[in-house]
Amino acid sequence: KAGVTQTPRYLIKTRGQQVTLSCSPISGHRSVSWYQQTPGQGLQFLFEYFSETQRNKGNFPGRFSGRQFSNSRSEMNVSTLELGDSALYLCASSLVSSSYEQYFGPGTRLTVT
Amino acid sequence: TQLLEQSPQFLSIQEGENLTVYCNSSSVFSSLQWYRQEPGEGPVLLVTVVTGGEVKKLKRLTFQFGDARKDSSLHITAAQPGDTGLYLCAGAPTSGTYKYIFGTGTRLKVLA
């Protein structure tokens, strides 16, 4: 069974631009969660989508948004990029929202210059 | 805000030594997970503990969930170079909108 895939793997953007990251969950998994990982703050939960609805949300500004499609694929968008948004963005999929097991993708490394 | 503090932050040991990593919080969690992350990859789930006092073993790794479900430990026996990586604990809050809160991480290096 194929794992969680994230595209692109690397991205360089300029401050003020916006970016869209994509995540394809494991086949059959309907829950997708997004995380931001930085050396200073560690791994922080952004939001979770299940059946195209946002189920849980972390403490991030409204510039960070996401959505999920009917095939469970998910995208996250960051608008008006700031230097501090440089991070590894990880998505994780699980069978259902209440499932304990989540499987992470390799992440998208975003650099904002 | 719920926090999960891990200690130590860094650990460098010789192959064959034993070690324990701690994950502590003042908050109660409904479940707690341990992950290992290697450079350039996403975290890989090692174990989930749900019941207070629960102990789980995975080969040379032993995981324990505190009786009050506020803390956890990971003990590695006879560490090997393949155990090198970033160890993360993650707790599922009993309330609020967060799905998981991750610990600050322990970076382990096992020298051959």
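Points to keep in mind about this one:
- Against the criterion of being over 22 Å from residue A:55 (Cβ atoms), within 14 Å of chain A (Cβ to nearest Cβ) and in contact (Cβ under 8 Å) with a residue 12 or more places away in the chain, residue B:37 qualifies.
- Test result for residue B:58, open to solvent by 30 Å² or more (accessible area, probe 1.4 Å), without any contact (Cβ under 8 Å) to a residue 24 or more places away in the chain and within 12 Å of chain A (Cβ to nearest Cβ): no
- Consider region A:96-113 and keep the residues that are open to solvent by 40 Å² or more (accessible area, probe 1.4 Å) and not in a loop (DSSP other than H, G, I, E, B). The one that is modelled with the lowest pLDDT is A:103.
- Checklist (1) hydrophobic (A, V, I, L, M, F, W, C); (2) without any contact (Cβ under 8 Å) to a residue 60 or more places away in the chain; (3) within 11 Å of residue A:25 (Cα to Cα) applied to residue A:64, failing item: (3)
- Residue A:11 part of a strand (DSSP E or B), away from chain B (no Cβ under 14 Å) and surrounded by 14 or more Cβ atoms within 10 Å (Cβ to Cβ): yes
- Hey, residue B:46 surrounded by fewer than 22 Cβ atoms within 10 Å (Cβ to Cβ), touching a residue at least 12 places away in the same chain (Cβ under 8 Å), more than 8 Å from chain A (Cβ to nearest Cβ) and of a type outside the set (D, E, K, R) or not: yes
- Filtered residues of region B:80-101 (kept if surrounded by 22 or more Cβ atoms within 10 Å (Cβ to Cβ) and in contact (Cβ under 8 Å) with a residue 60 or more places away in the chain): B:87, B:88, B:89, B:90, B:91, B:100, B:101
- Pairs, first within 9 Å of residue A:110 (Cβ to Cβ) in region A:4-26, second open to solvent by 50 Å² or more (accessible area, probe 1.4 Å), C-beta under 6 Å, six or more apart: A:10/A:109; A:12/A:111; A:19/A:13
- Scope region B:76-105; condition among the aliphatic types (A, V, I, L, M) and within 11 Å of chain A (Cβ to nearest Cβ); matching residues: B:86, B:88, B:90, B:92, B:101
- The listed residue being under 12 Å from the mean Cα position of the chain (by Cα), more than 14 Å from every other protein chain (Cβ to nearest Cβ) and surrounded by fewer than 19 Cβ atoms within 10 Å (Cβ to Cβ), out of B:73, B:26, B:12: B:73
The values are calculated or read from the model by the stated rules, or taken from the named source; none is laboratory data. What you are looking at is a predicted structure, and each value in this text was computed from that prediction instead of being measured. Note that we place each Cβ from the backbone using ideal geometry, even for glycine, and neighbour counts take in every protein chain shown. Please note that ligands, DNA and RNA were not included when accessible areas were found on the heavy atoms of the full protein model with its side chains. Shrake-Rupley method; radii C 1.70, N 1.55, O 1.52, S 1.80 Å.
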